[in-house]
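The values are calculated or read from the model by the stated rules, or taken from the named source; none is laboratory data. Nothing here was measured: the structure is a model prediction, and the numbers come from that model. Backbone-built Cβ (ideal geometry, glycine too); neighbour counts: all protein chains shown. When the accessible area is computed, the model is the full protein with side chains, heavy atoms only, and any ligands, DNA or RNA have been set aside. Shrake-Rupley method; radii C 1.70, N 1.55, O 1.52, S 1.80 Å.
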Amino acid sequence: MRVITWNVAGRVARQPDQAEVIARARPDVVALQEVTARTLPMWREAFEAMEFRSCACSLDGAAGVFGRRLLGVLTAAGEPLRRLDSPPGLPWPERVLCCGLDDIEVVNFHSPIAPAPELAKIRTHEALAAYLALSGRGRRVLCGDLNTPRRELADGEVVSFAHDRAGRLRPERGERWDQAERALVYGLRQRGWLDAFRALHGYGAREASWTFAGDRGGWRLDHVLVHGLRPVASAYAHDWRRAGLSDHSALVVDVADAVD
């Protein structure tokens, strides 16, 4: 099964080009972040043209909110999807979409950014981590723009954005912030999940899915983690970002049944 996760940055003019490169990659499942009310009909039409049988979006039925722009997540698949209940306690429920694909649960997630009010980022990570810890141990895929970590170390340890550039814990963020960001990218690995990219490529090389202008700096914010499945190929489509299709690189992952 080929999975593509991509923050498409809500871009309208480049949406046809985004859809074209996705189609050429021949995925089975696509998880998009930053889908808007304007681009959603365009994406539905694009996936219909790709002969995908299912397309679900967190904006379907979402109530409008005052003071912020709704950015939804969309999951499309070549086989039928069942929309599942969202985790309880999400401050911004349009940022998480849970779907069933046969016996696999696909969780599409776009983390709020750090400046989001009322600790929206931290509360979202906490709610999703609790849901994934308590709702079973079947075959599952978590994918999306997790907006963390700040740094990955060679031994697999991660440094969250609760820390500054020097690695010091920022007092205005503190331990709760640190634990919430680590709960997915590090904590799930302690529960038997695999980071689909690092499981194949190790932690020796730096890889940024979002960078500053000129490919400078940046962080690996976009992830696929799997449970009960085995990653067999994984690569970032940096060329799509460098071509200006989005400010994020898509992550393309092939998974197979886990080996007992």
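The table that follows gives values for the structure above.
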read-out	value
Spherically averaged projected area in nm², based on the convex hull that wraps the Cα atoms of the chain	13.5
Pairwise label distance in nanometres, Glu79 with Arg165, each label 7 Å out on the Cα-Cβ vector	4.8
Solvent-accessible heavy-atom area per residue, rounded to whole Å², over segment 69-227 at 1.4 Å	43
For segment 97-161 versus segment 1-29, the gap between their alpha-carbon centres in whole angstrom	21
Whole-percent carbon and sulfur share, accessible surface of segment 15-72, 1.4 Å	48
Cleavage-rule hits, trypsin sites (Lys or Arg not before Pro), segment 135-189, DSSP coil, Cβ neighbours within 10 Å at most 14	Arg137, Arg165, Arg168
Spread of Cα-to-Cα distances over 10 Å intervals beginning at zero, given as percent, for segment 1-115	14, 50, 31, 6
Loop trypsin sites (Lys or Arg not before Pro), segment 60-119, which have at most 13 other Cβ atoms in a 10 Å radius of their Cβ (DSSP)	Arg68, Arg69
For the chain, the longest site-free run once GluC sites (Glu not before Pro) in DSSP loop states with at most 13 other Cβ atoms within 10 Å are removed	52-156
Sparse-neighbour loop sites [chymotrypsin sites (Phe, Trp or Tyr not before Pro); segment 34-129; at most 12 other C-beta within 10 Å; DSSP]	Phe66
Computed [θ] at 222 nm, helices only, for the chain once each DSSP H run of length n ≥ 4 contributes -39500 (n - 2.57)	-6500 deg cm²/dmol
